[in-house]
1. Rolling a 1.4 angstrom probe over the protein chains, ignoring ligands and nucleic acids, what is the accessible area of His154 in square angstrom, nearest 10?
2. Contour minus end-to-end for Asp222 and Lys144, with contour as 0.36 nm per residue of separation and end-to-end as the Cα-Cα distance?
3. Enter the angle in degrees (range 0 to 90, nearest 10) between the Cα long axis of helix 226-240 and the first principal axis of the Cα atoms of the chain, meaning the one along which they spread out most.
4. Test of understanding: what is the full-extension gain from His154 to Asp31, defined as 0.36 nm times their sequence separation minus their Cα-Cα distance?
5. What's the lysine pair count for the chain at a Cα cut-off below 28 Å, pairs eight or more apart or interchain?
6. Write down the accessible area per residue of the chain in Å², having rolled a 1.4 Å probe over the full set of protein chains.
7. Can you send over the solvent-accessible area of Lys104, 1.4 Å probe, protein chains only, in Å² to the nearest 10?
8. From Cα pairs below 8 angstrom and at least 6 apart in sequence, can you work out the relative contact order of segment 71-173, rounded to a whole percent?
Amino acid sequence: MGVVRFRTALMFASVCLYGVCLNAQQNRPDDPPVATYSIIAIDSETEEIGVAVQSRIPAVGSIVPWVQAGVGAIATQSFSNVRYGPEGLKLLAEGMTAEEAIQKLTDNDPDAARRQLGMIDARGNKATFTGEACLPWAGGKVGKHCVAQGNILHGEAVIDAMIARFEQAEGTLAERLIDALQAGQDAGGEKRGMQSAALYVARKDWGYAGLNDRFRDIRVDDAPDPIAELRRIHRIHKELFRRPE
């Protein structure tokens with residue numbers, strides 16, 4: 001009996017220790033806020049849809065942009081809930097509009113007050129959401145062909161500049177998105193500075209060898225001027241991976 005009791009006590013202690021470790025993992029400190037400005041847009045003529053983003057964290061392209069050809073594009077930022085990406089695209093694919101999908105996602109998120117989210121569906125419906133607890137300045141606006149949002153910015157002028165530049169610019173969707181990012185930076189950008197940028201444009205069967213929809217997926221994970229580097233890499237990518245744009 002003594003041996004049995006000892007083994008039982010040992011197993012109980014092990015379970016308790018595991019529980020403490022698991023609880024510590026679940027209650028780890030928050031990751032840094034994704035202080036970001038982004039723009040999402042659709043080209044009704046080419047059916048391209050995409051996101052461009054710049055942030056003062058490394059590798060923003062692994063967090064913010066989510067795109068699916070024929071479905072929609074999403075930017076999730078400011079203490080990003082990355083589940084908004086795949087779950088939002090699923091809702092759009094099921095027929096929800098961008099506004100309806102954002103409402104459903106944020107209604108079911110107890111931490112929505114800290115989130116920021118922009119979305120366009122394949123029909124061109126656009127919506128943006130900024131929680132009341134996002135770090136200022138934070139906000140978003142809907143343009144004629146795009147939607148832009150940002151947090152920890154120098155002011156509303158950053159958003160206005162991105163939308164204005166996108167709607168006035170010429171060239172491919174990717175080029176106009178990059179131009180819009182630069183306009184946002186020229187208007188003050190993010191208060192903490194620059195570090196990474198990303199561009200993700202999807203078009204049906206225009207990915208590598210025509211085997212997927214990932215048309216332009218370019219990431220600058222860490223650079224003094226990530227937007228300039230994004231533009232440089234895009235030029236190379238466009239030259240190598242030619243399409244009749």
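1. About 120 Å², ignoring ligands and nucleic acids.
2. Values: separation 78, 0.36 × 78 = 28.08 nm, distance 3.18 nm.
My answer for the length gained is 24.9 nm.
3. 70 degrees
4. 42.0 nm
5. 20
6. Values: 12440 Å² over 245 residues.
Here the residues of the chain average 51 Å² of exposed surface.
7. Here the residue's solvent-accessible area equals roughly 90 Å².
8. Numbers: 184 pairs, mean separation 21.9, N = 103.
21 percent.
The values are calculated or read from the model by the stated rules, or taken from the named source; none is laboratory data. Keep in mind that what you see is a predicted model, and the values were worked out from it rather than measured. With ideal geometry, Cβ positions are generated from the backbone for all residues, glycine too; neighbour counts draw on all protein chains shown. Keep in mind that these areas ignore ligands, DNA and RNA; they rest on the heavy atoms of the full protein, side chains included. Shrake-Rupley method; radii C 1.70, N 1.55, O 1.52, S 1.80 Å.
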